[in-house]
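Okay, so here's the structure we're looking at.
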Amino acid sequence: MTRVTLLPHPDHESEWILVELQGNLSVRKGHRFPENELGDLKFVGDKPVLRIGKYRLDGKCMKLNKPMVVLDRVKQTQDDKKTGKARVHIIGKIYEKYVFAKRPAFVLR
Amino acid sequence: MEGRLAFGATYAENRHLVLEVTKDMLAELEKADSVFQVRGLNKERAYLVTKDKTYEIQSIESSNTQLLIKKRDESIQPAKRLKSATGVPDTNRIVIEASTTTHMALRETIPSIYTLYQLLRTSPEYSDEEAEAGGTASALRDVIAGAKLYRFDDLCDALHCSDEELRKYLRMLHAIEINGFWRLLSTAFADDLIEFVLATIEMNGWAFDSVPVSRCVEDVKADYPAFLVHHALRLLCKSSSEGAGANGNKTIALDPAKICLFKAELLFHKKSTISDRQLMNEWGKMLPQGLMPDRNLLGGVAIESKTPEGVKWTYVTHLMLPALAADRMDALFELRPRWKLEDLRPYMECLRDYGETLEQLVLKHAREVDGYCVPIVVSGLAMAR
């Protein structure tokens with residue numbers, strides 16, 4: 001039976017943020033996500049605002065009721081496979097998220 | 001954190017997993033001896049175990065997309081921050097490392113001692129026959145060839161529970177580790193073993209609160225090997241001195257209540273139902289000097305019931321009852337029609353879900369009348385509906 005051990009990575013103290021968007025992100029045919037840009041994030045007061053192309057999304061900051069950890073799979077070694085072990089690194093912690101739930105507003109400029 | 005959101009060079013959907021934890025678990029992570037392990041991956045459910053707790057892992061899906069972004073270290077000078085693909089320093093670039101539409105949530109659970117008990121019962125009980133063969137590894141092979149035996153890790157995998165919870169349950173079941181395998185002792189063998197050890201202690205005039213372990217082992221060695229004597233002493237000792245028996249130079253304090261309870265169970269093993277008068281009379285005669293029979297010790301061991309012939313006691317332990325709560329309550333009401341909640345505790349405690357009180361569990365299967373728990377009776381009118 002495989003046992004997966006969660007181990008703190010040296011970088012496990014780093015803090016991450018979740019940005020929650022309604023729906024799915026897609027990229028044009030022939031393009032890939034990596035190295036493409038999504039948009040601009042800024043704050044108006046304490047509220048995050050996301051500008052994607054001609055659209056503006058207003059969001060809010062929410063503290064998570066329970067913190068989360070970000071996990072990264074570690075490739076199994078031959079020994080791991082023989083002994084049925086696997087490892088996952090904890091690479092960061094999440095305490096808050098920016099939620100963009102409102103309908104995007106079309107912005108001319 | 002303001003800037004231009006950009007997908008990182010290694011961005012991928014579901015590249016990282018997100019797990020919801022508790023604040024205590026975050027603190028636990030920092031400790032050198034922390035244990036966080038996922039077990040049961042190949043089964044329907046997976047569990048996260050720490051040193052002493054078990055959590056069921058639940059996958060929570062969302063229709064929303066969640067982007068995972070590592071917070072920028074604002075102390076780094078802009079020129080030293082991540083560069084774009086062109087190599088030009090991007091002073092306000094926020095890298096999206098991954099995205100996900102699910103996260104894992106944890107629900108604390110209490111593993112079932114009955115699952116462990118059923119597993120251990122599939123192994124042959126350690127008995128006289130094996131003891132006479134010497135209790136060695138070769139004797140083990142000869143006596144129980146082909147039998148299913150369990151090491152500690154096997155039991156952990158089967159129960160998907162933390163190491164400490166498993167050790168606690170093994171102690172509660174009086175299981176013993178023999179040549180690396182966890183076994184139960186047969187009732188007759190355990191009775192004889194403990195009787196012999198107690199008789200040796202009394203014969204030598206050792207006080208119950210300071211039994212010299214190595215001398216006890218030495219005196220008994222012709223009849224029982226050391227590991228069995230240590231096991232017997234652990235079963236009888238006070239909680240605060242558990243484990244002290246492993247070191248032969250130490251003394252160990254026996255618990256008078258455990259000695260009294262052992263003697264009562266000896267009686268019940270011979271006769272499962274006994275009148276109150278006979279119980280108190282015979283029990284008193286079996287006890288060492290200075291100890292008195294006490295009905296209050298019988299909670300969870302025997303059930304008192306009033307009959308036309310007088311008060312009777314019936315030997316019933318929680319391991320003798322069905323493992324499901326509804327079936328167990330039915331069986332208990334068959335034995336006695338009314339129960340105080342506290343009298344049900346030793347029989348129902350091990351069936352509670354995490355966060356559930358005893359009262360909540362019992363009232364799913366019974367109703368309260370004048371301070372007593374009674375069966376839920378469907379009225380004739382309700383049945384007619």
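The values are calculated or read from the model by the stated rules, or taken from the named source; none is laboratory data. The shown structure was predicted, so the numbers you read here are calculated from the model rather than taken from an experiment. Neighbour counts run over all protein chains shown; Cβ positions are idealised from the backbone, glycine included. Please note that ligands, DNA and RNA were not included when accessible areas were found on the heavy atoms of the full protein model with its side chains. Shrake-Rupley method; radii C 1.70, N 1.55, O 1.52, S 1.80 Å.
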Checklist outcome for this item: Checking B:D327, B:D353, B:D370 in turn, the sole residue that is out of contact with any helix residue (DSSP H, G or I) (no Cβ under 7 Å at 6 or more places or on another chain) and touching a residue at least 40 places away in the same chain (Cβ under 8 Å) turns out to be B:D353
Checklist entry - Within the group B:D276, B:D343, which residue is open to solvent by 60 Å² or more (accessible area, probe 1.4 Å) and either more than 30 Å from B:V220 (Cα to Cα) or of a type in the set (S, T, Y) (or both)? => result B:D343
Next on the checklist: Considering only residues that are open to solvent by 80 Å² or more (accessible area, probe 1.4 Å), more than 7 Å from chain A (Cβ to nearest Cβ) and either touching a Pro at 6+ places or on another chain (Cβ under 9 Å) or not in a loop (DSSP other than H, G, I, E, B) (or both), which ones fall in region B:11-38?
Outcome noted: B:E13, B:D24, B:E30
Next on the checklist: Condition (residue is of a type in the set (A, V, I, L, M) and touching a His at 6+ places or on another chain (Cβ under 9 Å)) applied to region B:47-57: is it met by at least one residue?
Outcome noted: yes
Checklist entry - Restricted to region A:1-43, and to residues that are within 7 Å of chain B (Cβ to nearest Cβ), of a type in the set (D, E, K, R) and within 24 Å of B:R93 (Cβ to Cβ), which residue is least open to solvent (accessible area, probe 1.4 Å)? => result A:E20
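For every residue, the table says whether it meets (1) part of a loop (DSSP other than H, G, I, E, B); (2) within 14 Å of another protein chain (Cβ to nearest Cβ); (3) at positive phi.
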| residue | (1), (2), (3) |
| --- | --- |
| B:L155 | no, yes, no |
| B:L170 | no, no, no |
| B:E195 | no, no, no |
| B:A199 | no, no, no |
| B:E202 | no, no, no |
| B:W206 | yes, no, no |
| B:R215 | no, no, no |
| B:Y224 | yes, no, no |
Checklist entry - When the residues of region A:48-76 are filtered to those that are away from chain B (no Cβ under 12 Å), assigned to a strand (DSSP E or B) and among the charged types (D, E, K, R), which remaining residue is most open to solvent (accessible area, probe 1.4 Å)? => result A:K63
Next on the checklist: Taking the criterion of being touching a Lys or Arg at 6+ places or on another chain (Cβ under 8 Å), open to solvent by 60 Å² or more (accessible area, probe 1.4 Å) and under 30 Å from B:E195 (Cβ atoms), would at least one residue in region B:287-294 satisfy it?
Outcome noted: no
Next on the checklist: When the residues of region B:39-60 are narrowed to those that are more than 8 Å from chain A (Cβ to nearest Cβ) and part of a loop (DSSP other than H, G, I, E, B), which ends up least open to solvent (accessible area, probe 1.4 Å)?
Outcome noted: B:T50
Checklist entry - Tell me, which residue of region B:14-46 that is under 18 Å from A:D72 (Cα atoms) and among the β-branched types (V, I, T) is modelled with the lowest pLDDT? => result B:V35
